[in-house]
Amino acid sequence: MPGLPAVSIAGFLVIAVAVVLASALQASIGFGMGMLAAPIVALVDPSLLPGTLIVLAVVVTVLVVLAERQHVDLTGTGWAMAGRVPGSVVGALLVATLPQRGLALLLAAVVLLGVAVTSLGWAPAPRRTTLVAAGGASGVLGTATSIGGPPMALVWQGKEGPGLRGTMSGFFLVGSLISIATLAVAGAITTHVLLAVAWLAPLPVLGWALSLLLNRHLDKQRLRRTAIVVSALGAAVLVVQQLV
């Protein structure tokens with residue numbers, strides 16, 4: 001693609017499809033964009049991670065927050081943000097110090113861990129301490145790998161529908177902006193990343209529109225299970241590619 005020398009047209013189309021589907025998932029269940037899209041993006045062009053997906057996630061979360069603004073748990077979000085800020089700093093330091101292969105393997109490990117905990121259905125109570133701890137873990141993982149959803153999904157899985165989508169999106173909107181700022185300071189928001197964002201920016205809107213249709217016709221649990229399977233397969237392929 002013009003301005004994206006590391007990505008062929010076929011590679012760009014693969015990333016584009018992944019971003020649309022991942023955005024639809026994020027808008028439907030409140031998280032999952034990184035889990036679904038990051039392993040695929042890493043296979044095509046790992047230099048686009050984590051910055052590209054974090055910036056694109058902002059578009060999705062803005063749309064969901066506007067739609068579900070009356071259902072956002074502001075108190076819970078505030079406690080989670082208390083952990084997200086220092087966690088984001090740690091995540092940015094990991095991006096600045098780890099080699100690209102190390103980040104790819106970390107990303108795969110985070111995806112597989114997220115798949116495991118979400119599959120098991122472990123549900124810690126959303127108290128202040130667990131919200132702060134989950135926010136910290138989300139900050140580290142979200143900034144370093146663009147996958148910060150699983151920790152927050154664990155503590156907020158008792159919420160349903162608009163409450164889950166609105167609260168998760170409110171947290172990730174502010175958290176993503178913090179992650180972008182810390183990555184920019186660490187020098188990880190490169191011209192290559194910004195060019196990719198410019199090309200891909202309309203796709204999260206398309207994914208959000210697709211989620212409106214999916215929410216009417218698809219069972220949320222079935223959509224969630226599909227995302228888990230696709231995420232696990234993507235992470236497994238990424239591990240094999242890096243080790244071979």
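What follows draws every value from the coordinates through simple rules; no lab data is involved. Keep in mind the model is a prediction, meaning the values are calculated, not measured. Note that each Cβ is placed from the backbone with ideal geometry, even for glycine, and that neighbours are counted across all protein chains shown.
Just a few scattered comments:
- Test: residue in region 21-32 that is closer than 17 Å to Ala186 by Cα and within 14 Å of the chain's Cα centre (by Cα): no
- Scope region 30-60; condition part of a loop (DSSP other than H, G, I, E, B) and hydrophobic (A, V, I, L, M, F, W, C); matching residues: Phe31, Leu49
- Every test in (1) buried (at least 21 other Cβ atoms within 10 Å of the Cβ); (2) closer than 26 Å to Leu43 by Cα is passed by Ser119 save one, and that test is (1).
- Inter-residue pairs, beta-carbon under 7 Å, first under 23 Å from Ala42 (Cβ atoms) and in region 75-101, second surrounded by fewer than 14 Cβ atoms within 10 Å (Cβ to Cβ) and among the small types (Gly, Ala, Ser), 6+ apart: Ala96/Gly187
- Within region 125-142, residues that are closer than 13 Å to Thr75 by Cα sit with their Cβ atoms under 6 Å from residues that are among the aromatic types (Phe, Trp, Tyr) and in a helix (DSSP H, G or I), at 6+ positions apart or across chains, in these pairs: Arg128/Trp79; Leu131/Trp79; Val132/Trp79.
- Within the option set Ala22, Ala18, Ala27, being more than 26 Å from Arg101 (Cβ to Cβ) and assigned to a helix (DSSP H, G or I) holds for one residue only, Ala27.
- Listed conditions (1) in contact with a helix residue (DSSP H, G or I) (Cβ under 7 Å, 6 or more places away or on another chain); (2) surrounded by fewer than 24 Cβ atoms within 10 Å (Cβ to Cβ) are all met by Met33, apart from (2).
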